[in-house]
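Enquirer: Handing you a structure now.
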Amino acid sequence: MKVLVVNCGSSSVKYTLFEMESEKKVAWGLVECIGLPEAYYKRQTISVDEKKDSVEITNHTEAVELIIKDLLDKETGSIVNVNEIAVVGHRIVHGGDKFSKSVLVTEKVKEGLKECFTIAPLHNPAHYAGILAVEKMLPKIPSVLVFDTAFHQTMPDYAYMYAIPYEYYKKDHIRRYGFHGTSHNYVSRRAAVMLGKPLSDLKLITAHLGNGSSITAIENGKVIDTSMGFTPLQGVVMGTRCGDIDPAILTYLLDKYPQYKSGDALNVLMNKKSGLYGISELSADMRTILKATAEDNKRAKLAFEMLCYSVKKYISAYYGILNGIDGLVFTAGIGENSAPVRKEICANLNALGIEMDVKKNGEYSSKERFVSTENSKVKIMIIPTNEELMIAKESKKVLTTSN
Ligand code: AMP
């Protein structure tokens with residue numbers, strides 16, 4: 001069985017075709033800069049090396065058409081007939097409180113997704129365009145939606161509510177949703193395999209540290225709390241996002257500076273100009289920050305320390321909420337690759353039974369591994385995330401159970 005995973009952004013379509021028996025990807029790529037003169041198509045298969053071409057693509061439908069035609073290419077394609085694709089899995093950033101699990105696409109589901117546009121104006125309209133494009137190109141193939149928010153729907157109300165007047169929860173659905181759910185879900189399952197125990201017997205903290213970052217407390221396979229909130233802005237310090245700040249800073253800026261009279265300007269400030277980038281005034285990229293820190297750039301060092309400190313605070317808080325943990329997982333670009341960040345986060349947490357083996361932590365590998373000492377009560381794991389595979393597995397499961 002083959003499953004096609006699609007991730008549509010406002011100007012991009014990413015895809016991965018999986019062979020589900022082996023759970024290996026057979027073809028993958030992306031169309032980027034849709035609607036712009038610099039649009040390009042980059043793709044690769046297990047037997048054909050990466051190729052990148054400029055393309056003229058004005059919308060998502062054309063992008064999906066290009067991808068399907070390429071998958072069917074007589075010489076370099078990975079399928080002979082579109083019917084080899086059993087199901088298409090779409091990554092959806094925000095399911096609001098309407099969707100607590102993955103669903104098969106129906107007209108009603110599409111309407112529900114549209115109702116979530118107001119709380120995810122940057123992502124959900126693009127996902128919707130992608131769903132329509134896939135339906136047009138593959139009218140006979142079922143589609144499944146897999147939501148970044150769904151895994152977090154088990155949070156108790158006292159964790160997901162904000163202490164603002166209750167009417168805004170009722171009217172506007174303002175509450176914590178949490179994001180990166182597919183990644184937290186995937187790595188928590190892998191952690192259970194690594195620890196040799198069922199997920200239902202484990203307490204875990206998973207740290208997804210990438211350009212966007214979130215920390216999640218998981219007990220018996222269920223999310224108890226997560227650091228991102230109503231939007232992916234809340235929580236730890238990120239590449240260009242500020243994470244937690246005193247909300248009164250916004251009203252202060254709004255009252256003082258004419259340019260911040262609009263929500264848009266404040267959103268740009270908090271989402272694009274803050275975080276590592278805003279503090280260092282150098283870069284949002286952790287590699288650049290680490291290099292500059294080594295060269296004694298004080299602001300880069302401050303940005304690095306702030307990010308690590310904010311993650312440490314969440315880990316410590318979630319440790320308390322869970323009354324101890326069995327495992328701490330690092331994943332995503334920074335979590336998987338940056339030994340100095342992991343080391344700084346885990347330093348002086350031995351009171352919590354978190355003891356890192358600094359030597360193991362410093363050895364590079366792209367594989368799942370333990371980096372805690374033999375005696376560490378909490379097992380520290382690095383687990384490369386695989387959101388695409390998780391989406392493919394979820395889509396297969398939904399398809400199989402709906403038949
Ligand atoms: P992601 O959003 O998961 O793709 O992660 C992007 C982040 O991972 C960026 O801040 C990168 O600088 C960081 N990253 C990727 N590789 C490394 C590395 N080898 N060392 C440190 N940071 C890295």
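Enquirer: If you average over every viewing direction, what projected area does the convex hull of the Cα atoms of the range 118-250 give, in nm²? It would help to have the intermediate numbers written out before the result.
Expert: Working: hull surface 42.5 nm².
Hull-based average projected area comes out at 10.6 nm².
Enquirer: Separation of the range 168-192 and the range 291-337 by C-alpha centroid, Å?
Expert: 20
Enquirer: Keeping the other protein chains in place, figure out the carbon and sulfur percent of the accessible area of the chain, with a 1.4 Å probe. Spell out each step's value before the answer.
Expert: Working: 10290 of 19500 Å².
The nonpolar share, carbon plus sulfur, comes to 53 percent.
Enquirer: Over the range 1-122, what per residue volume does the convex hull of the Cα atoms give, in whole Å³?
Expert: 116
Enquirer: Using only alpha carbon pairs under 8 Å that are at least six residues apart, calculate the relative contact order of the range 152-199 and give it in whole percent.
Expert: On the way: 22 pairs, mean separation 15.0, N = 48.
Reported as a whole number, the value is 31 percent.
Enquirer: A 29 angstrom limit on the alpha carbon distance is what I want to check against. Which of Lys171/Lys396; Lys197/Lys272; Lys222/Lys377; Lys108/Lys140 exceed it?
Expert: Numbers: Lys171/Lys396 35 Å; Lys197/Lys272 41 Å; Lys222/Lys377 22 Å; Lys108/Lys140 18 Å.
Where the Cα-Cα span goes over 29 Å, the pairs concerned are Lys171/Lys396; Lys197/Lys272.
Enquirer: If you wrap a convex hull around the C-alpha atoms of the chain and split its volume per residue, what is the figure in Å³?
Expert: On the way: hull volume 66.3 nm³, N = 403.
Hull volume over Cα atoms, normalised by residue count, gives 165 Å³.
Enquirer: Pop out the ³J(HN,Hα) list for the range 324-329 in order, Karplus 6.51 cos²θ - 1.76 cosθ + 1.60 with θ = phi - 60°, rounded to Hz; leave Gly and Pro as x.
Expert: x, 9, 8, x, 10, 10
Enquirer: As a test, work out the antiparallel percent of DSSP beta bridges whose residues both lie in the range 1-151, rounded to the nearest 5. Present the calculation step by step, with values, prior to reporting the outcome.
Expert: Values: 27 of 37 bridges.
For the range 1-151, the DSSP antiparallel bridge percentage is about 75.
Enquirer: Express as a percent, rounded to the nearest 5, the fraction of DSSP beta bridges in the chain (both residues included) that run antiparallel.
Expert: Details: 41 of 61 bridges.
Antiparallel bridges make up about 65 percent of those DSSP assigns within the chain.
Enquirer: Let me ask something else. Where in the range 2-30 is the amide nitrogen less than 16 Å from a point lying 7 Å along the Cα-to-Cβ axis of Tyr40?
Expert: Those under the cut-off are 12-14, 29-30.
Enquirer: Let me ask you something else. Calculate, in nm to one decimal, what Lys101 and Val80 gain on full extension: separation in residues at 0.36 nm each, minus their alpha carbon distance. Provide the component values of the computation, followed by the final result.
Expert: On the way: separation 21, 0.36 × 21 = 7.56 nm, distance 3.22 nm.
Gain on extension, Lys101 to Val80, equals 4.3 nm.
Enquirer: Moving on. Which length gain, in nm to one decimal place, applies between Lys272 and Lys51 when the Cα-Cα distance is subtracted from 0.36 nm times their residue separation? Mind showing how you got there, number by number?
Expert: On the way: separation 221, 0.36 × 221 = 79.56 nm, distance 3.07 nm.
Length difference between fully extended and current span is 76.5 nm.
Enquirer: With an 8 Å Cα cut-off and a minimum separation of 6 or more residues, compute the relative contact order for the range 224-371 in percent.
Expert: Details: 152 pairs, mean separation 24.1, N = 148.
RCO, the range 224-371: 16 percent.
Enquirer: Is it possible to state the helix-based mean residue ellipticity at 222 nm for the chain, with each DSSP H run of 4+ residues giving -39500 (n - 2.57), the sum divided by total residues, to the nearest 500 deg cm²/dmol? What is it? Before the final figure, lay out the partial values.
Expert: Working: 15 runs with 154 residues, N = 403.
Calculated mean residue ellipticity at 222 nm is -11500 deg cm²/dmol.
Enquirer: Read phi for every residue in the range 393-403 and hand back ³J(HN,Hα) as whole Hz from Karplus 6.51 cos²θ - 1.76 cosθ + 1.60, θ = phi - 60°, with x for Gly and Pro.
Expert: Values, residue by residue: 5, 4, 5, 4, 4, 4, 4, 5, 6, 7, 8 Hz.
Enquirer: Here's something else I'd like to know. What per residue convex hull volume, in Å³, do the alpha-carbon atoms of the range 238-394 yield?
Expert: Working: hull volume 24.8 nm³, N = 157.
It is 158 Å³ per residue.
Enquirer: Under the definition of Cα pairs under 8 Å and six or more residues apart, what whole-number percent is the relative contact order of the chain?
Expert: The normalised contact order for the chain reaches 14 percent.
Enquirer: While we're looking at this one, here's another question. If N is the number of residues in the range 128-182, what value comes out of its Cα radius of gyration divided by 2.2 N^0.38 Å?
Expert: Working: Rg = 16.2 Å, N = 55, 2.2 N^0.38 = 10.1 Å.
Ratio of Cα Rg to 2.2 N^0.38 Å: 1.61.
Enquirer: Extension gain Lys261-Tyr162, at 0.36 nm per residue separation less the Cα-Cα distance, in nm?
Expert: On the way: separation 99, 0.36 × 99 = 35.64 nm, distance 2.41 nm.
Length gained between Lys261 and Tyr162: 33.2 nm.
Enquirer: A further question on this structure: What is the magnitude of the charge dipole of the range 214-356 about its Cα centre, with +1 placed on the Cβ of each Lys and Arg, -1 on the Cβ of each Asp and Glu, and no other charges, expressed in debye to the nearest 20?
Expert: Dipole size: approximately 340 debye.
Enquirer: Which three numbers, in whole Å and largest first, are the semi-axes of the equivalent ellipsoid of the range 260-324 derived from its Cα gyration tensor as √(5λ)?
Expert: Details: eigenvalues 123, 91, 11 Å².
After scaling each eigenvalue by five and taking roots: 25, 21, 7 Å.
Enquirer: In the full protein assembly as shown, how much of Ile218 is accessible to a 1.4 Å probe, in Å² to the nearest 10?
Expert: So the heavy atoms of Ile218 present about 0 Å² to solvent.
Enquirer: I've got another one for you. Considering only protein heavy atoms, what is the solvent-accessible area of Ser200 at a probe of 1.4 Å, reported in Å² to the nearest 10?
Expert: Counting only protein heavy atoms, the figure is 70 Å².
Enquirer: What percentages make up the Cα-Cα pair-distance distribution of the range 309-403 when the bins are 10 Å wide from 0?
Expert: Spelled out per bin, shortest first, that is 15, 41, 25, 14, 5, 0.
Enquirer: Put Leu389, Leu282 in order of accessible area, largest first, 1.4 Å probe: what do you get? Numbers along the way, then the final one.
Expert: Values: Leu389 15, Leu282 80 Å².
Sorted by accessible area, descending: Leu282, Leu389.
Enquirer: Can you list the GluC sites (Glu not before Pro) in the range 333-403 that are in a DSSP coil and have 16 or fewer other beta carbons within 10 angstrom? The partial results should precede the final answer.
Expert: On the way: sites: Glu336, Glu344, Glu355, Glu363, Glu368, Glu374, Glu387, Glu388, Glu394; in loops: Glu355, Glu363, Glu368, Glu374.
Here the GluC sites (Glu not before Pro) that fit, given the DSSP loop and packing criteria, are Glu363, Glu374.
Enquirer: Same structure again: When the C-alpha atoms of the range 17-74 are aligned to their principal axes, what extent does each axis show, in angstrom, from largest down?
Expert: Extents along the principal axes, in whole Å: 38, 21, 20.
Enquirer: I've got another one for you. If you take the beta carbon distance between Tyr169 and Asp201 as r and set R0 to 25 Å, what does 1/(1 + (r/R0)^6) give as a FRET efficiency, to the nearest 0.05? Before the final figure, lay out the partial values.
Expert: Numbers: r = 34 Å, r/R0 = 1.34.
Calculated transfer efficiency: 0.15.
Enquirer: Shifting gears a bit: I want the antiparallel fraction of DSSP beta bridges within the range 280-390, as a percent rounded to 5. Walk me through the numbers before you get to the answer.
Expert: Numbers: 3 of 8 bridges.
Counting only bridges with both partners in the range 280-390, antiparallel ones make up about 40 percent.
Enquirer: Which value, in debye to the nearest 20, describes the size of the charge dipole of the chain about its Cα centre when Lys and Arg Cβ atoms bear +1, Asp and Glu Cβ atoms bear -1, and nothing else is charged?
Expert: 540
Enquirer: Starting from the range 56-140, pick out the GluC sites (Glu not before Pro) whose DSSP state is loop and whose Cβ has at most 12 other Cβ atoms within 10 Å. List each step's numbers first, then the result.
Expert: Details: sites: Glu56, Glu62, Glu65, Glu75, Glu84, Glu107, Glu111, Glu115, Glu135; in loops: Glu56, Glu75.
Taking the range 56-140 and a limit of 12 other Cβ atoms within 10 Å, the loop GluC sites (Glu not before Pro) found are Glu56, Glu75.
Enquirer: Hey, another quick one. Per residue, how much accessible surface does the chain expose to a 1.4 Å probe? Answer in Å², no decimals. It would help to have the intermediate numbers written out before the result.
Expert: Values: 19500 Å² over 403 residues.
On a per-residue basis, 48 Å².
Enquirer: Keeping all protein chains in place and using 1.4 angstrom, which order do Ile279, Ile141, Ile321 fall into by accessible surface area, from largest down?
Expert: On the way: Ile279 50, Ile141 20, Ile321 95 Å².
Ranking Ile279, Ile141, Ile321 by accessible area, largest first, yields Ile321, Ile279, Ile141.
Enquirer: Within 10 Å of each candidate Cβ there may be at most 14 other Cβ atoms; applying that plus a DSSP loop requirement, which trypsin sites (Lys or Arg not before Pro) in the range 88-159 survive? Walk me through the numbers before you get to the answer.
Expert: Working: sites: Arg91, Lys98, Lys101, Lys108, Lys110, Lys114, Lys136, Lys140; in loops: Lys98, Lys101, Lys140.
Answer by residue number: Lys101, Lys140.
The values are calculated or read from the model by the stated rules, or taken from the named source; none is laboratory data. The model shown is predicted, which means the values in this text are computed figures rather than measured ones. Note that we place each Cβ from the backbone using ideal geometry, even for glycine, and neighbour counts take in every protein chain shown. The accessibility values were calculated without ligands, DNA or RNA, using every heavy atom of the protein model including side chains. Shrake-Rupley method; radii C 1.70, N 1.55, O 1.52, S 1.80 Å.
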